[in-house]
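Have a look at the structure below before the remarks.
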2 protein chains.
Amino acid sequence: MLWSIIGTIAAICTTIGFVPQIIRGIQTRELSDVSPTMLTLLLVGCSLWLVYGLHLKDPIIALANGFTLSFVIIILLLRFLYNKNSSK
Amino acid sequence: MLWSIIGTIAAICTTIGFVPQIIRGIQTRELSDVSPTMLTLLLVGCSLWLVYGLHLKDPIIALANGFTLSFVIIILLLRFLYNKNSSK
């Protein structure tokens, strides 16, 4: 029971951790210090984790990585959008 | 076998994903766009995942999160260092 709680808190932290990055990016309209290679590797990694979680029928792995994947895609799109605007 | 490979590639991507962020940070000496709240949540999350992996005696969870934790700590320290220098 204790260990399920620890695992769940771990999954929540590493998933919602990307939300403050989205908020900061929208507030400052600057994401150029965030590595696009990191975002791309996280995109591939989370997609594979999601597929793996669905295969294992493990709701924690699938849900956590589904959300993280969405957040990473949003950060990538915002970064692309802001860099495009700033190079005008 | 195929699924073990998919899980392993997933773990490798989400772990080494943070290395390009370290390299970019060192090259540009700028990490101010990277959210410190994100880094702190990832720090807490990966620490709990590491403890959880050690409890489960699962080498993949423990190793992947041990490495990710180290990378996140390096990014946090670099961010602190560069922001301190730039505010002089």
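The values are calculated or read from the model by the stated rules, or taken from the named source; none is laboratory data. Note that the structure is predicted; figures quoted are calculated from it, not measured. No Cβ is skipped: glycine too gets one built from the backbone with ideal geometry, and neighbour counts run over all protein chains shown.
Against the numbered list (1) touching a residue at least 24 places away in the same chain (Cβ under 8 Å); (2) over 22 Å from B:ASN65 (Cα atoms), A:THR8 comes up short only at (2). Considering each residue of the stretch B:14-25 in turn, at least one proves to be in a loop (DSSP other than H, G, I, E, B), modelled with pLDDT of 95 or more and buried (at least 20 other Cβ atoms within 10 Å of the Cβ). Taking the stretch B:27-59 as the range and being of a type outside the set (A, V, I, L, M), buried (at least 16 other Cβ atoms within 10 Å of the Cβ) and without any contact (Cβ under 8 Å) to a residue 40 or more places away in the chain as the test, the residues that pass are B:ASP33, B:SER35, B:GLY45, B:CYS46, B:SER47, B:TRP49, B:TYR52, B:GLY53. Flag: B:THR68 matches the condition of being under 19 Å from B:ALA11 (Cα atoms) and part of a helix (DSSP H, G or I). Counting only residues that are at the interface with chain B (Cβ under 8 Å from one of its Cβ atoms) and polar (S, T, N, Q), how many does the stretch A:1-14 have? Count: 1. For the stretch B:66-88, the set of residues classified as surrounded by 13 or more Cβ atoms within 10 Å (Cβ to Cβ) and in contact (Cβ under 8 Å) with a residue 40 or more places away in the chain consists of B:PHE67, B:THR68, B:PHE71, B:VAL72, B:ILE74, B:ILE75, B:LEU76, B:LEU78, B:ARG79, B:TYR82, B:ASN83, listed by residue number. Residues that are aliphatic (A, V, I, L, M) and either outside any helix (DSSP H, G or I) or more than 7 Å from chain B (Cβ to nearest Cβ) (or both) within the stretch A:51-61 comprise A:LEU54, A:LEU56, A:ILE60, A:ILE61, listed in sequence order.
Give the residues of the stretch B:26-50 that are assigned to a loop (DSSP other than H, G, I, E, B) and at the interface with another protein chain (Cβ under 7 Å from one of its Cβ atoms), sorted by residue number.
B:GLU30, B:LEU31, B:SER32, B:ASP33, B:VAL34, B:SER35
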